[in-house]
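The values are calculated or read from the model by the stated rules, or taken from the named source; none is laboratory data. Quick caveat: nothing in here was measured; it's all calculated off a predicted structure. Every residue, glycine as well, gets a Cβ built from its backbone with ideal geometry; the counts of neighbours run over all protein chains shown.
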C-alpha cells in the first residue's frame, strides 16, 4: 500500500503550469486520504483557473494511477486564498535613503546569490512608480491566475517575481497614483500572489522614508532590511535617515551594501574610487551593521542588466558579496 510520503514524492514531480515549481513547492497539497484501494488528493485552488486545475488533476492521476494497491485516484480542489497557504521563511527589505543608488540592483543580486545556494527565492517589487526588476531579469507578460489570486512570474533560473510592470498595458506606462493606492497594491502583492514555499523573499522598496516604505514595514513581516548606498558624502545623512526609520519601526538593519564603490582598470587591475572615498567604514560604525559588500562599477554587470541577464553575472566581488549575504541571512 502506498504511503503518504510516497505520494508526496510523486506530487513533487508535478509542476504547476506557468510557474515551473511543483505542487509541493507551491504548498498546494491540503490532504491525502488513502482508503483501501482508493486515494483522494485534496489541493488548494488558490490562483489556479479551471483549465490549470484540470491539467493538474490529469497529471496527478497519471502519476499515481497504478501505485501499489491503488486502483482509483480522485483529485479535489478546495477554496483557498494565497495568503492562507504561503510559507515564506525570511522577508528582507532592500531600502535606500534616496533614489539612484542601486537599490534594485542590490535586490536582484541578493536574490541571485541565495538562489545559487539552492534556496527558493522570490522578489516583490514594491517600487511601484519605478519598477526595474522585470527589465533586469528579462521577464515580461501578464501573470497567470484566477479570481482567487495571481501566480508569480518566474525568471530563467526560477526566482519568483511580481511587479506592477507585469500588469500594465505597456512597460513604459507611468503609474500616476497617490500613496494610498500604491500602498494597497503592495499589500495585494503580498497577500494575493501564490508564492508557495520560499526560503527568502526580497522586497525592492521605494527610496526614502515616506508612506510607501512605511507600508512595507507595517504590512509585511520583515525579518530585517538591507540598506544600499553610494560613496558620496551626502549619502551619510540619508543612510542615517533610513536606519533611524528602521529602528523606529523595530525592524533590524541586517547589513549595508555600497554600490558604485570603485572601478577596476582592466589594464592594470588598480581600483579608482570615481565617486569619492568609500563610506563603508563610517556607515558601519554609525549604524552598527555589517557591510555585506562593495559592488564595483562593472561594465559587464551593466550590460547583463540591460539585456535582462543579471542571473549570469559572476565576479570576485560578487562571490564575496554572496558569501557575506549567506552568513548574515542564514
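Using the structure shown, decide if residue 257 is under 21 Å from the mean Cα position of the chain (by Cα) and either at pLDDT below 95 or buried (at least 16 other Cβ atoms within 10 Å of the Cβ) (or both). Judged against the criteria, residue 257 is a match. Residue 296: surrounded by fewer than 17 Cβ atoms within 10 Å (Cβ to Cβ) and in the same structural domain as residue 232 (by TED's automatic domain parsing), yes or no? Taking the combined requirement at face value, the residue does not satisfy it. In the range 25-80, the qualifying residues are those that are without any contact (Cβ under 8 Å) to a residue 40 or more places away in the chain and assigned to a loop (DSSP other than H, G, I, E, B), and the one that is nearest to the chain's Cα centre (by Cα) is 65. The residue list 307, 247 contains one member that is in the same structural domain as residue 99 (by TED's automatic domain parsing), more than 17 Å from residue 226 (Cβ to Cβ) and surrounded by fewer than 15 Cβ atoms within 10 Å (Cβ to Cβ), which is 307. Within the range 116-133, the set of residues being over 10 Å from the mean Cα position of the chain (by Cα) and farther than 16 Å from residue 164 by Cβ comprises 116, 117, 118, 119.
Condition first: modelled with pLDDT of 95 or more and either in the same structural domain as residue 12 (by TED's automatic domain parsing) or closer than 23 Å to residue 221 by Cβ (or both). Can you find one or more residues in the range 164-173 that meet it? No, the range 164-173 contains no residue that is modelled with pLDDT of 95 or more and either in the same structural domain as residue 12 (by TED's automatic domain parsing) or closer than 23 Å to residue 221 by Cβ (or both).
Number of residues in the range 127-151 that are in contact with a strand residue (DSSP E or B) (Cβ under 6 Å, 6 or more places away or on another chain) and at pLDDT below 90 equals 2. Condition check for residue 156 on (1) in a loop (DSSP other than H, G, I, E, B); (2) under 28 Å from residue 184 (Cβ atoms): one failure, at (2). For the criterion of being surrounded by fewer than 20 Cβ atoms within 10 Å (Cβ to Cβ), within 15 Å of the chain's Cα centre (by Cα) and within 22 Å of residue 198 (Cα to Cα), residue 10 fails. Candidates 225, 212, 203: the one that is under 16 Å from residue 289 (Cα atoms) and either part of a helix (DSSP H, G or I) or at pLDDT 85 or above (or both) is 225.
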